[in-house]
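Worksheet for the structure shown next.
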Amino acid sequence: MPTRTIRLGIDVGGTNTDAVLMHGRDILGTNKSFTTSDVTSGVIESVERLLGDTGIPARAVGHVMIGTTQFINAFVQRRDLVQTAIVRASLPRGDGVPPLTAWPEDLLAVIGHHAFEIHGGANYDGSTYADLDERELAEVAETLRQREIGAVAVSTTYAPLRPDIEERMAAFFRAALPSVPVTLSGAVGGLGLVDRENAAVINASLAPLAQRVVKGLEDAISALGLDATLFISQNDGTLISTEEAARHPVFTCAAGPTNSIRGAAFLSGLDDAVVIDVGGTTTDVGSVTHGFPKETALPNFIGGVRTNMRMPDVLSVPLGGGTLVDLEQMSLGPASVGHRLKQEALVFGGQTLTATDVAVAAGVADLGDVASVSYLPSEAVAKAMASMASIAEGAVDRIKTSAVPVPAILVGGGHILLPDQLPGVDRIVRPRHAEVANAVGAAIATVSGRVDKLYDTAMIGRDGAVEAARQEAIATAVAAGAHPETVEIIELIELPMTHIRAGTTQIKVRAVGELDLAVDSSPAITA
Amino acid sequence: MARGAVFLGAGGGGDPYVGELFVSAQIEAGRFPRVAALDEIADDALVVSIAGMGAPTILVENLISERALLELVRRTETLHNRKVDALISIEMGGVNSMFPLGLGARLGLPVIDADGMGRAFPHLEMTSFSVYGCRASPLVLLDDLGSLVTIDVVDDRRTEELARTNVVAMGALLNGSFYPMSGADAKRTAVAGTITQTLEIGRAIREARHASADPVHALLAYLDQSGEKQHARLLFEGKIADVSHETRDGWHWGQALVRNASGDELKIDIQNEYIVARRNGRTVTVVPDIIATLDRESAEPLTAEMLRYGQRIAVVGFSAAPIMRRAEGLAVFGPRKFKLDEDFVGVEDLVTA
């Protein structure tokens, strides 16, 4: 086995920490362990067991890819967030919609209500309508110091076109408050000031936690004796560096479902399919087109806050291995015993009838003590199995992009709950290693580059504008670590604008490429 | 209410999101909008329409300047040499349904439960106000940075052209005070009860979702019963097979194609708003009647800009207010004004219940 060409994929979920070792397209071993509250010890344990089981030496691992739901969980549960300020340069524009308008009360109670508006900003053509007011900046910095603010977000009008304005603001705060992390709205979102600014505030509130978590993961990797480059999965299934993840945790919020969709596609060899991930509490249904998860076109909400983050289009329905079943009422869920399945399910000696028990009674799963569920009436069991299938069928129907039947890939620990046929699906595929599809998704991740800007088509022509956007997206992907020869454009959207003098067009482009393994693994080969 | 405004926006009018936040910000500051019925307004009151004019894509960055709106009212009062007594929306569809509410809350002025369209239209003169004798001007246009233009033109079609030229020249987004009228004029020319209607549309969808009922059917049931003169029809259910957009002459043109499992198709033509829906080539709803696209599951109304390939939608046809369907109105915003080679027929006569 060549040195340091093995990849370690890890998915840290709310219940399970999954790990997989891969070489090229081959899976060398997998492990599923419980997530620990400190995360780090669970990761160390899972990886130690995996290395022990496979006999692969730690030094053979060259790349570690981690997907984690910790940041989204922290934000949704309002924990580990710091007092966060938002400073917007837009005056005299925008005062009718101040920062943090319509934010949930319980969230503001945790991060504080520290919203500031100062003069400055750019027009849609990139010209300045008001100079950034340095005196106001200094006053705000003094207030932030007095309030002992833990993180700062800065925003301005048309930041994607004029990053320099926010860069000046950030430089000012970094100089005035050296220990406080600063998030720039233009670095986390596209056009749409409020949604972009919201994403920046979410990010800033998580930044100190992200620094600690990423440090913890780095420590875990070195404690394991791994001499490997560490990457973190982001929402679109591509990878970012640990420095980038520590700076922009908001990019990792939806990595869990994305990794499971991409892992399912990889394991099954299908590039276009519906993916059904049956966990302990919920079933997440998404779809993969051309090997990538389909994303939502609509604005989305993170913990009650609207953003324009790119997110996979995933529908969660309450169906999992731990879902409570009442055969008399013939009702399913939405409650679940969750990670206490091993203690509470009948087949494991518990007192609660769960979806897993029904599957065992129906004879589709062989788990625990079959005799403990043999008293269940077979007619009611068959009915319950049919209701589970119909819950999944409904979700699949809402996610599918056409009426044509497509294959469905079943993954996750609870995939046994579903039958081998579903209406609207031409076949069901249960790939090998389906239970760790999300860790596989992390291990096979690629890197991407994105552009979302306004282009003046009157000046450079429509073709010139599209070409400029393509080149910028490719350059961004290569800078993120993609091998230049593998980069391709996988998405290009043009949105013409009304009421504007000349042809101005908003162009969104996404370029994706394979991780450039040669560049990353060559410098430090250990003997 | 924002949901109802997108519905009545008939695909256009812009996403009311930014306007909704403007109203939210007023409420968070303890200032609540006050909605007044038409008959609560004195006949000699001065009523004006406050609206944004320009590109929705600019609005999401520039947002709303409260100072500029206050200045706009001040300059309007200077022009008429008297206080403004009440505000009214030009169009109940989209973001312009929200401007008067937020500003009314800020100033403590009543907002009239009525508007000039009962929907959204692309042109300033396409209002019941204009059709029944009110003039859009003298009007005041003001940008967020303090530049002001006053337009006073006899013909509202010319007013539209001049206002539009100024919008393009002044940064693609302006605020304006249009259609200065008396309370008596408002009673005679406005489409009554439309704020209530947007609230009720939003409520029908919300309550059906809470009751786990089908929100599309709940909404249809509400709309079809909301008066003998109001008719709603489910035109189609299916998935979007294609959407095209292009900008020409400052307008958003396009077409959306929806297909169902049996191979039937519905084509919707877009000229800023949805202007005609044809099922397998046969017209099922045409302007000024309202065509609305809804997410099939949640009944969330979608603007034309939100439509994407693969979305599962329901398409609903809804009769325009009677005042909008008379011959005088059809001459200004009937099918032929959108270069369609057909006459207006109401949705209730095109599609049987």
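Here's the yes/no breakdown for (1) acidic (Asp, Glu); (2) within 27 Å of residue B:229 (Cβ to Cβ):
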{"site": "B:39", "(1), (2)": "yes, yes"}
{"site": "B:50", "(1), (2)": "no, no"}
{"site": "B:88", "(1), (2)": "no, yes"}
{"site": "B:140", "(1), (2)": "no, no"}
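Using the structure shown, decide if residue B:255 is away from every other protein chain (no Cβ under 12 Å), touching a strand residue (DSSP E or B) at 6+ places or on another chain (Cβ under 9 Å) and open to solvent by 50 Å² or more (accessible area, probe 1.4 Å). Judged against the criteria, residue B:255 is a match. Scanning region A:273-299 for residues that are surrounded by fewer than 20 Cβ atoms within 10 Å (Cβ to Cβ) and among the polar types (S, T, N, Q) yields a count of 2.
Among the residues that make up region A:307-318, is at least one of them under 29 Å from residue A:382 (Cβ atoms), exposed (fewer than 15 other Cβ atoms within 10 Å of the Cβ) and of a type in the set (Ser, Thr, Tyr)?
Taking every residue of region A:307-318 in turn, none turns out to be under 29 Å from residue A:382 (Cβ atoms), exposed (fewer than 15 other Cβ atoms within 10 Å of the Cβ) and of a type in the set (Ser, Thr, Tyr).
If you go through region A:105-127 and pick out every residue that is open to solvent by 30 Å² or more (accessible area, probe 1.4 Å) and either farther than 18 Å from residue B:64 by Cα or free of Cβ contacts under 8 Å to residues at least 12 places away in the same chain (or both), you end up with 7. Flag not set for residue A:138, criterion: within 13 Å of chain B (Cβ to nearest Cβ), free of Cβ contacts under 8 Å to residues at least 60 places away in the same chain, among the aliphatic types (A, V, I, L, M) and in contact with a helix residue (DSSP H, G or I) (Cβ under 8 Å, 6 or more places away or on another chain).
Which of the residues belonging to region A:1-55 are in a strand (DSSP E or B), open to solvent by less than 20 Å² (accessible area, probe 1.4 Å) and of a type in the set (Ser, Thr, Tyr)? Selection gives A:17, A:33.
Of the listed requirements (1) open to solvent by 40 Å² or more (accessible area, probe 1.4 Å); (2) within 13 Å of chain A (Cβ to nearest Cβ); (3) within 26 Å of residue B:325 (Cβ to Cβ), residue B:245 misses just one: (3). Would you be able to say whether some residue in region A:197-212 is within 14 Å of another protein chain (Cβ to nearest Cβ), surrounded by 24 or more Cβ atoms within 10 Å (Cβ to Cβ) and farther than 25 Å from residue A:262 by Cα? Within region A:197-212, one or more residues are within 14 Å of another protein chain (Cβ to nearest Cβ), surrounded by 24 or more Cβ atoms within 10 Å (Cβ to Cβ) and farther than 25 Å from residue A:262 by Cα. Determine, yes or no, whether residue A:395 is within 14 Å of chain B (Cβ to nearest Cβ), part of a helix (DSSP H, G or I) and open to solvent by less than 50 Å² (accessible area, probe 1.4 Å). When the stated conditions are applied, residue A:395 passes them.
Checking each residue in region A:168-190 for being closer than 12 Å to residue A:155 by Cα, part of a loop (DSSP other than H, G, I, E, B) and open to solvent by 30 Å² or more (accessible area, probe 1.4 Å) picks out no residue at all. Going by what's in this entry, would residue B:27 be described as more than 22 Å from the chain's Cα centre (by Cα) and buried (at least 21 other Cβ atoms within 10 Å of the Cβ)? The answer is no for residue B:27. All told, residue A:109 falls short of being under 24 Å from the mean Cα position of the chain (by Cα), in a helix (DSSP H, G or I) and not charged (D, E, K, R).
If I go through region B:97-114 residue by residue, how many of them are of a type outside the set (Phe, Trp, Tyr) and within 14 Å of chain A (Cβ to nearest Cβ)?
Final tally of qualifying residues: 9.
Looking at A:198, A:203, A:259, just one residue is within 27 Å of residue A:26 (Cβ to Cβ), among the polar types (S, T, N, Q) and part of a helix (DSSP H, G or I), and that residue is A:259. When we screen B:149, B:111, B:131 for residues that are open to solvent by 10 Å² or more (accessible area, probe 1.4 Å) and closer than 30 Å to residue B:39 by Cα, the only hit is B:131. Return a yes/no flag: does region A:237-255 have any residue that is under 15 Å from the mean Cα position of the chain (by Cα), at pLDDT below 90, under 28 Å from residue A:114 (Cβ atoms) and buried (at least 24 other Cβ atoms within 10 Å of the Cβ). Yes, some residue in region A:237-255 is under 15 Å from the mean Cα position of the chain (by Cα), at pLDDT below 90, under 28 Å from residue A:114 (Cβ atoms) and buried (at least 24 other Cβ atoms within 10 Å of the Cβ). Going residue by residue through region A:458-468, is there one that turns out to be within 14 Å of chain B (Cβ to nearest Cβ), hydrophobic (A, V, I, L, M, F, W, C), open to solvent by 30 Å² or more (accessible area, probe 1.4 Å) and free of Cβ contacts under 8 Å to residues at least 40 places away in the same chain? No. Could you tell me whether region A:49-57 includes any residue that is of a type outside the set (A, V, I, L, M, F, W, C) and in contact with an Asp or Glu (Cβ under 9 Å, 6 or more places away or on another chain)? Checked region A:49-57: no residue is of a type outside the set (A, V, I, L, M, F, W, C) and in contact with an Asp or Glu (Cβ under 9 Å, 6 or more places away or on another chain). Would you confirm, using the coordinates I've provided, whether residue B:240 is modelled with pLDDT of 90 or more, open to solvent by less than 60 Å² (accessible area, probe 1.4 Å) and of a type in the set (A, V, I, L, M)? In short, no. Set side by side, the residues B:142, B:234, B:220 differ, and just one is hydrophobic (A, V, I, L, M, F, W, C) and closer than 30 Å to residue A:128 by Cα, which is B:142.
Listed residues B:270, B:290, B:275; which is touching a helix residue (DSSP H, G or I) at 6+ places or on another chain (Cβ under 9 Å), closer than 25 Å to residue B:124 by Cβ, at pLDDT 90 or above and within 14 Å of chain A (Cβ to nearest Cβ)?
B:270
Given the structure, is residue A:160 part of a loop (DSSP other than H, G, I, E, B), over 23 Å from residue A:38 (Cα atoms) and at pLDDT 95 or above? Criteria not met by residue A:160. Of all the residues in region B:39-93, those that are within 14 Å of chain A (Cβ to nearest Cβ) and aliphatic (A, V, I, L, M) number 14. Across region A:315-362, the number of residues qualifying as touching a residue at least 12 places away in the same chain (Cβ under 8 Å), assigned to a helix (DSSP H, G or I) and closer than 17 Å to residue A:15 by Cα comes to 6.
The values are calculated or read from the model by the stated rules, or taken from the named source; none is laboratory data. Source: prediction; values computed, not measured. For neighbour counting, all protein chains shown are included, and Cβ atoms are generated from backbone atoms with ideal geometry for every residue, glycine included. To get the accessible areas, we keep the full protein, side chains included, count just its heavy atoms, and leave off ligands, DNA and RNA. Shrake-Rupley method; radii C 1.70, N 1.55, O 1.52, S 1.80 Å.
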